[in-house]
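In what follows, a structure is listed as structure tokens, so that the remarks can point back to it.
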Amino acid sequence: MDGFTFDTVPTIICEAGALKRIGTLAAERIGRRVLIVTDRGLASSAIVTDALKSLEAAGVAPFVFDAVTADPAASIVQAAADMAREARVEGIIGLGGGSSMDVAKLAALIAPGSQPLEALYGVDKAVGKRLPLMLVPTTAGTGSEVTPIAIVTTGHHQKMGVSSRLIIPDVALLDPVVTIGLPKAITAATGLDAMVHAIEAYTSISPRNNPLSRMLSETAIRLLASNLRRAVDHGEDVEARGAMLLGAMLAGQAFANSPVGAVHALAYPVGSRFGVPHGMSNAVVLLQVMRFNRSACAPGYAALAPFAFPHLAGLGQAEQVDGLIDGLAGLMRQTAIPSTLGEVGIVAADVNDLANDAMAQTRLLQNNPRNMTYNDARAIYRAAL
């Protein structure tokens with residue numbers, strides 16, 4: 001076995017109702033003055049209200065930054081960091097979906113003032129210290145609560161990534177109760193996003209692919225595929241919600257150490273140019289990218305297939321690969337997740353721009369099982385229309 005390094009969060013708390021004791025946890029782990037980073041919708045919800053009550057009861061002074069938006073701009077990260085400095089907080093809590101958690105990560109990193117945000121883009125560019133950090137996901141999708149990655153939007157259409165062990169949080173708090181009430185469409189799209197993380201981590205050709213990531217991907221996709229419809233159709237089911245949250249976290253741990261590939265590379269331009277949510281952006285290119293990749297990673301797809309769809313166990317490799325792709329397509333239909341670019345308003349005239357943007361995602365494309373050219377990207381987008 002080749003040697004490998006596996007990085008993850010020091011403390012993971014997975015417990016229904018855990019948000020109610022966030023105050024005690026914060027006092028013990030991240031400080032007595034904390035900044036909550038969230039969005040305006042959540043800021044007025046019972047979730048944030050309960051968190052504030054718990055913090056105050058534990059003697060922790062909370063400040064709230066609620067300006068996070070989907071695909072947050074660099075200016076939002078800077079504003080959160082500025083507020084953290086002005087309030088002299090000792091730690092940061094990211095509470096929300098992937099965007100809120102990403103902003104919290106980067107604000108914790110730049111608030112001490114050792115580096116500007118623009119110096120961090122890329123892999124392992126961060127130096128110095130960050131503020132203590134706790135992340136609380138309210139969606140079961142990105143896995144950002146356990147990854148060393150944060151994505152921000154710069155300019156009009158460009159997404160930039162920061163990848164550094166320094167932004168792996170100190171505590172990930174998973175409470176399925178906070179995901180109850182999540183709309184069906186968001187539950188479905190974020191769940192599919194997590195499945196993509198598991199699939200791409202499992203088949204990544206990155207030299208960082210490792211046995212732990214593959215094992216986590218197997219468990220993640222089993223939990224996600226078997227609970228997605230239940231979580232969508234029965235949103236009050238705490239058990240299903242918990243399984244989705246755990247599956248998304250495990251997939252996050254997997255791809256944090258075995259990086260994703262072309263699905264994400266082709267999805268990013270869909271999101272940045274057309275405002276399509278990240279999970280949905282992955283969905284509309286997933287099937288066509290898998291068909292493109294199958295000649296290079298059929299054994300990987302076949303090995304993963306029975307974890308997602310147990311009835312595929314014992315079939316031949318080609319049948320398992322077909323079954324995995326068909327099964328994912330079926331899940332997308334059953335949960336009303338768009339599976340084509342046309343369903344999100346993209347037309348043939350957009351393909352060249354999308355392909356140009358996708359080819360700039362070299363950080364991701366280098367991990368894809370099959371080499372992808374500009375013409376390949378164009379062909380995949382056209383097939384996905």
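The values are calculated or read from the model by the stated rules, or taken from the named source; none is laboratory data. Since the model is a prediction, treat every value here as computed from it, not as a measurement. Heads up, the Cβs are rebuilt from the backbone with ideal geometry, glycines too, and the neighbour counts pull from every protein chain shown.
Going through LEU131, LEU135 one at a time, which residue ends up being crowded, with 24+ Cβ neighbours inside 10 Å and of a type outside the set (Ser, Thr, Tyr)? Can you show your working first?
Details: LEU131 fails: crowded, with 24+ Cβ neighbours inside 10 Å.
None of the others qualify; the one that does is LEU135.
For region 69-101, the candidate set comprises residues that are within 20 Å of the chain's Cα centre (by Cα), farther than 18 Å from THR179 by Cα and not polar (S, T, N, Q); within that set, the residue that is surrounded by the most Cβ atoms within 10 Å (Cβ to Cβ) is ILE92. From the list ALA329, ALA256, exactly one residue is in the same structural domain as THR219 (by TED's automatic domain parsing) and either closer than 30 Å to VAL9 by Cα or touching a strand residue (DSSP E or B) at 6+ places or on another chain (Cβ under 8 Å) (or both). Which is it? Going through ALA329, ALA256 in turn, the sole match is ALA256.
Answer yes or no: is there a residue in region 24-41 that is over 20 Å from ALA58 (Cβ atoms) and in contact with a Gly (Cβ under 7 Å, 6 or more places away or on another chain).
First pass over region 24-41, keeping only residues over 20 Å from ALA58 (Cβ atoms): 39-41.
Still in the list and also in contact with a Gly (Cβ under 7 Å, 6 or more places away or on another chain): 39.
Scanning region 24-41 turns up at least one residue that is over 20 Å from ALA58 (Cβ atoms) and in contact with a Gly (Cβ under 7 Å, 6 or more places away or on another chain).
At least 2 residues being within 12 Å of LEU266 (Cβ to Cβ) is the threshold, and among the helices (runs of 4 or more DSSP H) wholly inside region 312-385 those reaching it are 351-359, 362-365, 374-383. Quick check on region 187-226: of everything there that is part of a helix (DSSP H, G or I) and more than 18 Å from the chain's Cα centre (by Cα), which residue is surrounded by the most Cβ atoms within 10 Å (Cβ to Cβ)? Here the residue is SER226. Looking across region 163-214, just one residue is in contact with a strand residue (DSSP E or B) (Cβ under 6 Å, 6 or more places away or on another chain) and modelled with pLDDT under 95, and that is SER163.
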